[in-house]
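K.L.:
Could you have a look at this structure, given as structure tokens, before my questions?
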Amino acid sequence: MGKGQKLYKEAKQLIPGGTQLLSKRPEQLLPELWPAYYEKAKGCEIWDLDGKKYIDMSYMGIGANTLGYADEDVDNAVIDCINKGSMSTLNCTEEIELAKKMIDLHPWADMVRYARGGGDAMAVAIRIARASTGKDIILFSGYHGWHDWYLSANLADNDALDGQLLPGLSPLGVPKGLKGTSYPFFYNNIDQFLELIKKYEDKIGGVVLEAIRNIKPEPTFFETIEKETKRLDIPLIVDEVSSGFRLNTGGAHLVLGLHPDIAVFAKGISNGYPMAVVIGKKKYMDAAQETFISSTYWTERIGPTAALATINKMQKYKVQDHMIECGKKIQEGWKYLASKYKLNIHIGSIYPLSHLEFKENHLLYKTLFTQEMLKKGFLATDSYYACFAHNEKHIEAYLNACDEVFEFFSKIQHCPEKYLEGPICQSGFKRLS
């Protein structure tokens, strides 16, 4: 047991859940064996507390580091910001510059508000929607954070968030008075969406969905949602926290032909520095003046500075083209190896956020895959999040390691559990988009 594994045992006595983020819990990846903590990160390489170096071909900061770890251009901009003072009684000009940049990238939008995390920004967007319409019910598809508005779906039905988030998730601590204020529908399930519209038509204050994730939108899905939200005169809110700034410099909705009234960004917009942006039409955004949305650290200078530096670099180097190409090579490599070793694996999602699924005993094989790839010097799981720091050598080395592991899998299919060196990992997010 290394220093990281030992420290995580201590952390679980001090921090409920062990970490601040579900996706970073070792139990989600490789229980008892995952390094858990890092000493240094640069590019797409991470050094653990024992000095072991790994190439990160997994989540890249849970999708936050689109350029790579410790990117010099972004870090230098932040260092300059810190030297000038990252916080004061007065406001920073960077928030105006970033607002103009976001509206320039999204000409349909008129106004901007900020937060520092995706879940918080989604809560801001929901508050704005309810304030502008005077209606309480929110219809949603996908995962949209940890706040009460979202988890309240499970007050009416304990299974409501199954597939959206995690099976059997308890809404413990969410006020029971929020029961009946949010309802989910499956991505691409037009009939289910229209049924909810018919049932709650006069009480709906907004519709929320992830632009894209694991499933491509069917031709009439977006069209139907846009038609109904316009008819009811309520905002269509697009969650771009994960999808934004990966297919293009801006929102995936621009590529997909989706026309929102409000859009929310976070994660990869600022390359690992906390930042989140809510953009929208004046018709709805003005309601932020009529309700109370305010936080001291939403005015600090580092977030917008990092976001501007990140977006400018993305535009200069066409970073999204690189991420798409990396993801395409990974998915093609997975497919070739699955065919080569006759493994039943499903591969999908947009290229920059690639996913694979072992069709039989997924959690067991996911755990075993992570275990064996770790031995070969890779942080790897059933997802690959592309970044600008990944290059041909990283991809080639990763796929060569996958080749060896998949060949190993083809030989042990009669008793794969025999080769596990720890417990099977827990199930993670189950998305419908």
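K.L.:
Where does helix 362-375 land angle-wise versus the long Cα axis of the chain, in degrees 0 to 90, nearest 10?
P.N.:
With rounding to tens, the tilt is 60 degrees.
K.L.:
What distance in nm lies between label points placed 7 Å from Cα along the C-beta direction at Trp47 and Leu172?
P.N.:
In this crude label model, Trp47 to Leu172 measures out at 4.0 nm.
K.L.:
Please identify which residues in region 112-144 have an amide N closer than 15 Å to a label point set 7 Å out from the Cα of Asn91, following the Cα→Cβ vector.
P.N.:
112-115
K.L.:
Right, next: Viscosity 0.692 mPa s, temperature 37 °C: Stokes-Einstein D of region 275-356 from its Kirkwood Cα radius, in µm² per second? Working shown, then result.
P.N.:
On the way: Rh = 16.8 Å.
For these conditions, the coefficient is 196 µm²/s.
K.L.:
How far apart, in nm, are two points set 7 Å out from the Cα along the Cα-to-Cβ line at Glu223 and at Lys375?
P.N.:
5.3
K.L.:
With respect to the cross-link table entries Lys3/Lys53; Lys101/Lys313; Lys101/Lys281; Lys12/Lys176; Lys176/Lys198, which display a Cα-Cα separation exceeding 20 Å?
P.N.:
Numbers: Lys3/Lys53 14 Å; Lys101/Lys313 13 Å; Lys101/Lys281 15 Å; Lys12/Lys176 29 Å; Lys176/Lys198 24 Å.
Pairs exceeding 20 Å: Lys12/Lys176; Lys176/Lys198.
K.L.:
For the chain, take the longest principal axis of its alpha carbons; what is the angle in degrees between that and the long axis of helix 3-14, to the nearest 10 within 0 to 90?
P.N.:
40
K.L.:
Cα-based Rg (one decimal) and Dmax (whole number) for region 170-228, in Å?
P.N.:
13.3, 39
K.L.:
In region 6-44, which GluC sites (Glu not before Pro) fall in coil by DSSP and have 14 or fewer other Cβ atoms within 10 Å? Working shown, then result.
P.N.:
Details: sites: Glu10, Glu27, Glu32, Glu39; in loops: Glu32.
Passing both the DSSP loop test and the Cβ count: Glu32.
K.L.:
Take the Cα pairs of region 305-346, get the Kirkwood Rh, then feed it into Stokes-Einstein at 25 °C and 0.890 mPa s and tell me D in µm²/s.
P.N.:
Working: Rh = 12.3 Å.
Estimated diffusion coefficient is 199 µm²/s.
K.L.:
Hey, if you drop one equal point scatterer on each alpha-carbon of region 329-433 and run the Debye formula without solvent, what base-10 log of I(q)/I(0) do you get at q = 0.13, 0.16, 0.20, 0.22 Å⁻¹?
P.N.:
-0.45, -0.70, -1.12, -1.37
K.L.:
Let me ask something additional. Sequence neighbours fewer than 8 away in the same chain don't count; with that in mind, list the lysines whose C-alpha is under 27 Å from Lys359.
P.N.:
The qualifying lysines are Lys24, Lys216, Lys328, Lys329, Lys335, Lys340, Lys342, Lys375, Lys376, Lys411, Lys418, Lys430.
K.L.:
Do you know the relative contact order of region 6-81, to the nearest whole percent, from alpha carbon pairs under 8 angstrom that are 6+ apart? Numbers along the way, then the final one.
P.N.:
On the way: 68 pairs, mean separation 13.8, N = 76.
In percent, rounded to a whole number, it is 18.
K.L.:
Please determine, in degrees from 0 to 90 and to the nearest 10, the orientation of helix 319-340 with respect to the longest principal axis defined by the Cα atoms of the chain, where the helix direction is its Cα long axis.
P.N.:
Value to nearest ten degrees: 50.
K.L.:
Can you tell me the length gained on complete extension of the stretch Leu21 to Lys6, counting 0.36 nm per residue apart and subtracting the Cα distance? Before the final figure, lay out each step's value.
P.N.:
Details: separation 15, 0.36 × 15 = 5.40 nm, distance 1.88 nm.
Between Leu21 and Lys6, full extension yields an extra 3.5 nm.
K.L.:
If you count, for each residue, the other Cβ atoms within 10 Å and average over each peptide, how do 364-376, 73-85 line up from highest to lowest? Intermediate values should be presented prior to the final figure.
P.N.:
Working: 364-376: 20.5, 73-85: 15.2.
For the peptides 364-376, 73-85, the packing ranking is 364-376, 73-85.
K.L.:
How long are the semi-axes of the equivalent ellipsoid of region 13-69, taking √(5λ) for every eigenvalue λ of the Cα gyration tensor, in whole Å from largest down?
P.N.:
On the way: eigenvalues 78, 39, 21 Å².
So the equivalent ellipsoid measures 20, 14, 10 Å along its semi-axes.
K.L.:
Round to the nearest 10 and report in Å² the accessible area of Ile197, as given by a 1.4 Å probe over the protein chains' heavy atoms.
P.N.:
Roughly 10 Å² of Ile197 is accessible to a 1.4 Å probe.
K.L.:
Taking the C-alpha atoms of the chain, how large are the radius of gyration and the largest Cα-Cα span, Dmax, in Å?
P.N.:
21.8, 66
K.L.:
If contacts are Cα pairs under 8 angstrom and at least 6 residues apart, what is the relative contact order of region 267-392 in percent? Provide the component values of the computation, followed by the final result.
P.N.:
Numbers: 116 pairs, mean separation 26.2, N = 126.
Here the relative contact order equals 21 percent.
K.L.:
Enter the mean projected area of the convex hull around the alpha-carbon atoms of region 174-326, in nm², rounded to one decimal.
P.N.:
Working: hull surface 44.6 nm².
Value for region 174-326: 11.1 nm².
K.L.:
If every alpha-carbon in region 1-148 counts as one equal scatterer, what log10 I(q)/I(0) does Debye give at q = 0.09, 0.15 1/Å?
P.N.:
Taking Cα atoms of region 1-148 as identical point scatterers yields -0.46, -1.11.
K.L.:
Let me ask something else about it. Using only alpha carbons, build the gyration tensor for region 199-239 and give me the equivalent ellipsoid semi-axes, biggest first, whole Å.
P.N.:
On the way: eigenvalues 80, 26, 14 Å².
The equivalent ellipsoid of region 199-239 has semi-axes of 20, 11, 8 Å.
K.L.:
Here is a follow-up. List, in order, the whole-Hz ³J(HN,Hα) value for each residue of region 116-122 obtained from phi through the Karplus relation with A = 6.51, B = -1.76, C = 1.60 and θ = phi - 60°; use x for Gly and Pro.
P.N.:
10, x, x, x, 5, 5, 5
The values are calculated or read from the model by the stated rules, or taken from the named source; none is laboratory data. Note that the structure is a prediction, hence the values are computed from the model and not measured. Every residue, glycine as well, gets a Cβ built from its backbone with ideal geometry; the counts of neighbours run over all protein chains shown. To get the accessible areas, we keep the full protein, side chains included, count just its heavy atoms, and leave off ligands, DNA and RNA. Shrake-Rupley method; radii C 1.70, N 1.55, O 1.52, S 1.80 Å.
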